[in-house]
Amino acid sequence: MRFDLSRNDSLESSATAPACVVVTGASSGLGAGLARAFAAQNRVLGLIGRNPDRLAAVAQSCRDRGARVHVAALDVTDRDGVVAWLLRLDAACPIDLLIANAGISAGTHPDGRPEGADSARDVVRVNLLGVIHCVEAILPRMSGRRFGHIAVVGSMAAYRGLPDSPAYCASKAGVMAYGEALRAALEPLGVHMSVIVPGFFASPMSARYAGRQLFRLSEERAVARVVRGLERRARRIVFPRRLAVLLRLLDLLPAWCSDRIIRAFRFRIRPPGEPDRQ
């Protein structure tokens, strides 16, 4: 694959207008919304996703907005494939903003069966190792240029383990710890790190969640919150705030008490045995 993506003078990199943006998990949900939000005349977009048909549709909508789009139908667990593609893109047009968003969910089945070891392993591989594969691929390039912005997508599920999705909570807690650790190390090198911490919002993934979704936002509002945060290079992008405060307060209670409360928010994941992938 050959990229012909020389920078265009009409869109120079800045804190608010990166010339080259990469979004993983871009075939649906938050990733697709962010891809469309960042699509602009002459901006280069690199979109990674597993579903070729959905990815092609998102790419076309971004091209209709004037962006120069390149897609890769890759699974972020394919370290060699992801690294090779990102490095080829970066060599043609240095990546200014990487949004490591790809993720899957699994949990208790509708019939009450637990998620199981196979699903748990898949969730951790995609949600945590997939982020690491993408970030570590481009990090040396950004550090060498002393310029760049990385965003990793965690979840409020990382604040307090939920009994019906232990692997998802663990994977997102790992993403958040990884992003927070890197942010402190990278800032002196000129590379910015944003840790995105969403709660409930409308998406294909949340549609499979059979349970209470407190303070649920529309996908449009969630995308807007993330874009605003990235434009100002916020270190943390947390929404909705009310849910974040409740979960933080819950964790301050004695463990027996918080466990009792969290059991009241039981849920199931539909359909059975099929993790959602973007």
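Expressed as a whole number of Å, what is the distance separating the alpha-carbon centroids of the stretch 133-163 and the stretch 64-80?
Between the Cα centres of the stretch 64-80 and the stretch 133-163 lies a distance of 17 Å.
Where both partners of a DSSP beta bridge lie in the chain, what percent of those bridges are antiparallel, to the nearest 5? If you can, show how the numbers build up before the last one.
Numbers: 4 of 33 bridges.
Within the chain, antiparallel bridges account for around 10 percent of the total.
What residue among Ser143, Ser165, Ser27 has the largest mean-square fluctuation in a Gaussian network model of the chain, using Cα springs under 10 Å?
Ser143
How much mean residue ellipticity at 222 nm does the chain get from its helices, if each DSSP H run of length 4 or more adds -39500 (n - 2.57) and you divide by all residues, to the nearest 500 deg cm²/dmol? Please report the intermediate quantities before stating the final value.
Working: 10 runs with 119 residues, N = 278.
Calculated mean residue ellipticity at 222 nm is -13500 deg cm²/dmol.
Hey, can you rank 18-25, 168-175, 77-84, 250-257 by average C-beta count inside 10 Å, highest first?
Numbers: 18-25: 26.4, 168-175: 23.2, 77-84: 15.1, 250-257: 10.4.
Going by the mean number of other Cβ atoms within 10 Å, highest first, we get 18-25, 168-175, 77-84, 250-257.
When the dipole is taken about the Cα centre of the stretch 134-223, and only Lys, Arg (+1) and Asp, Glu (-1) are charged at their Cβ, what size is it in debye, to the nearest 20? Show your work: numbers first, answer last.
Values: 10 positive and 6 negative charges, 11 e Å.
Roughly 60 debye, rounded to the nearest 20.
With axes computed from alpha carbons, what is the tilt in degrees of helix 52-63 against the longest principal axis of the chain, rounded to the nearest 10 within 0 to 90?
50 degrees
So, by mean Cβ neighbours within 10 angstrom, what's the order for 116-128, 233-245 with the highest one leading?
Working: 116-128: 18.0, 233-245: 16.5.
Those peptides, ordered most packed to least, come out 116-128, 233-245.
Among Val153, Leu252, Ala26, whose Cα sits farthest toward the positive end of the charge dipole of the chain (+1 at Cβ of Lys/Arg, -1 at Cβ of Asp/Glu, about the Cα centre)?
Of Val153, Leu252, Ala26, it is Leu252.
Can you give the translational diffusion coefficient of the stretch 20-272 in µm²/s, computed by Stokes-Einstein from the Kirkwood radius over Cα pairs at 4 °C and 1.567 mPa s? Display every interim value, and only then the final one.
Working: Rh = 18.5 Å.
Rounded to a whole number, D works out at 70 µm²/s.
With springs only between Cα atoms under 10 Å, which of Gly144, Gly179, Gly154 fluctuates most in a Gaussian network model of the chain?
Maximum among the listed residues: Gly144.
Could you work out the relative contact order of the chain, using alpha carbon pairs under 8 angstrom and six or more residues apart, expressed as a whole percent? Don't jump to the answer; show the numbers that get you there.
Details: 568 pairs, mean separation 56.9, N = 278.
Averaging sequence separation for qualifying contacts and normalising by length gives 20 percent for the chain.
When the chain is fully extended, how far beyond the present Cα-Cα distance does Glu136 get from Asp53, taking 0.36 nm per residue of separation?
On the way: separation 83, 0.36 × 83 = 29.88 nm, distance 2.78 nm.
The Glu136-Asp53 span can extend by a further 27.1 nm.
Mind checking the angle between helix 29-38 and the chain's longest principal axis? C-alpha axes, 0 to 90 degrees, to the nearest 10.
It works out to around 30 degrees.
Dipole size in debye (nearest 20) for the stretch 20-272 around its Cα centre, Lys and Arg Cβ +1, Asp and Glu Cβ -1? All intermediate terms of the calculation are to be shown ahead of the outcome.
Values: 36 positive and 20 negative charges, 160 e Å.
Computed charge dipole of the stretch 20-272: roughly 760 debye.
Suppose R0 equals 25 Å; then what is the FRET efficiency for Asp111 and Arg260 from their Cβ-Cβ distance, rounded to the nearest 0.05?
Using R0 = 25 Å, I get an efficiency of 0.55.
Tell me which residues come under 5 Å, amide H to amide H, from Ile150 once H is placed; ignore anything under 5 positions away on its chain.
The list, which skips near neighbours in sequence, is Leu98, His192, Met193, Ser194.
Taking Cα atoms, how many degrees apart are the long axis of helix 79-92 and the longest axis of the chain, rounded to 10 and kept between 0 and 90?
Computed tilt is about 30 degrees.
Every read-out reported here was derived from the displayed coordinates using simple, explicitly stated rules and does not represent laboratory data. Predicted model, so just to flag it, every value in this text is computed and none were measured. No Cβ is skipped: glycine too gets one built from the backbone with ideal geometry, and neighbour counts run over all protein chains shown.
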